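First the structure, in the form of structure tokens, and then the observations on it.
The values are calculated or read from the model by the stated rules, or taken from the named source; none is laboratory data. This structure is a prediction, so every number in the text was calculated from the model and none was measured. Virtual Cβ from ideal backbone geometry, glycine too; neighbours counted across all protein chains shown.
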Amino acid sequence: MENHNYLNDISEIKNLMDKSSRFISLSGLSGILAGIYALIGAWMAYKTIYFDTSTMGSYRDLVISEAAVMRLLAIATVVLVASIVTGILLSIRKARKSNENVWNSASKRLVINFMIPLATGGFFILFLIEKEMLGLIAPLTLIFYGLACVNASKYTLGDVRYLGITMIALGLLSTWFLGYGLLFWALGFGGCHIVYGSLMYYKYENN
Amino acid sequence: MLNIIQNINKAFDHRIRLGIMSILMVNESADFNMLKELLGVTDGNLASHTKALESENYIQIEKQFIGKKPNTKYSATIEGRKAFTAHIEALEKLIKSS
């Protein structure tokens, strides 16, 4: 008859272990929105690259002007900032609903461990742009973002790990099929975010 | 049966002490406020339970200052980890055997 109590104990233990070590208020909805921003960004980038700049010769030998590079950077920055802000706002909302403090030790750990690979990639890519080696940028953003997700997944919902692995795979494919960077980029940051975001939304928030 | 019950640890036979140990098992350390927030208990209540666990040598308490604010950090001892693992195994066996 004491059995019921012990079962309660076990679930309480599990709940506290999760709550104290993982940030579980990550919003799936913000993933979906980030994916939509990325698709809009990719569309604008596509227009910038293929319509606003001249292609020289009979080959589709792309010559990107400095103005176009600046515009691409601006698009990328806006997409990134909008996604982060959305993610923070929606996670705050979700945390309030479940009475969790947003800025606790779990979310701090999540942010730090997410930022280490991401910042490494960010600086790496900025230096490549500075040295005008532009070809690998799209694959590298996918790969470093994927690594950041895998690293951060230990401190939040486990699904983020699979998002990361998918991103890394897309990044490697995109390195192999080098001319299709933008397509893979849209598929990764757009498609994957929407798919995994919806998955997480229906799994954790749809109640 | 007697054996199983022997492994049920009296020190963990309370929701809050069980909670403190659960948190410290998966975190290197936790400070007073983090424990308070996660467990939803009052200062005095938490303090008396941490003291009980400390006197069993299951957790260690480290007091320090962050700037001018006093900060108390708790972490599980090796002995505490062993005892807690044994306790959970006993709980599982008890649930399975019934």
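At a glance:
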item	result
Filter pass, B:ASN71 being touching a helix residue (DSSP H, G or I) at 6+ places or on another chain (Cβ under 8 Å), part of a helix (DSSP H, G or I) and surrounded by fewer than 16 Cβ atoms within 10 Å (Cβ to Cβ)	no
Residues (closer than 13 Å to A:GLU12 by Cα and at pLDDT 90 or above) located in the stretch B:19-38	B:GLY19, B:ILE20, B:MET21, B:SER22, B:ILE23
Selection status of B:ARG81, outside any strand (DSSP E or B), more than 9 Å from chain A (Cβ to nearest Cβ) and closer than 17 Å to A:SER21 by Cβ	yes
Residues within the stretch B:22-38 that are more than 8 Å from chain A (Cβ to nearest Cβ) and touching a strand residue (DSSP E or B) at 6+ places or on another chain (Cβ under 9 Å), tallied	7
Per-region count, the stretch B:74-95, residues surrounded by fewer than 18 Cβ atoms within 10 Å (Cβ to Cβ) and of a type outside the set (A, V, I, L, M)	9
Residue match in the stretch B:43-61 (condition: closer than 16 Å to A:SER105 by Cα, surrounded by 13 or more Cβ atoms within 10 Å (Cβ to Cβ) and away from chain A (no Cβ under 11 Å))	no
Search result, residues across the stretch A:153-180 that are under 19 Å from A:SER27 (Cβ atoms), surrounded by fewer than 21 Cβ atoms within 10 Å (Cβ to Cβ) and free of Cβ contacts under 8 Å to residues at least 12 places away in the same chain	A:GLY158
Number of positions in the stretch A:117-132 that are surrounded by fewer than 18 Cβ atoms within 10 Å (Cβ to Cβ) and over 14 Å from the mean Cα position of the chain (by Cα)	10
Count of the stretch A:181-207 residues which are of a type in the set (Ser, Thr, Tyr), more than 16 Å from the chain's Cα centre (by Cα) and surrounded by 14 or more Cβ atoms within 10 Å (Cβ to Cβ)	1
A:ASP9 being more than 8 Å from every other protein chain (Cβ to nearest Cβ) and free of Cβ contacts under 8 Å to residues at least 60 places away in the same chain	no
A:GLY87 part of a helix (DSSP H, G or I), over 21 Å from B:LEU38 (Cα atoms) and either among the hydroxyl-bearing types (Ser, Thr, Tyr) or free of Cβ contacts under 8 Å to residues at least 60 places away in the same chain (or both)	no
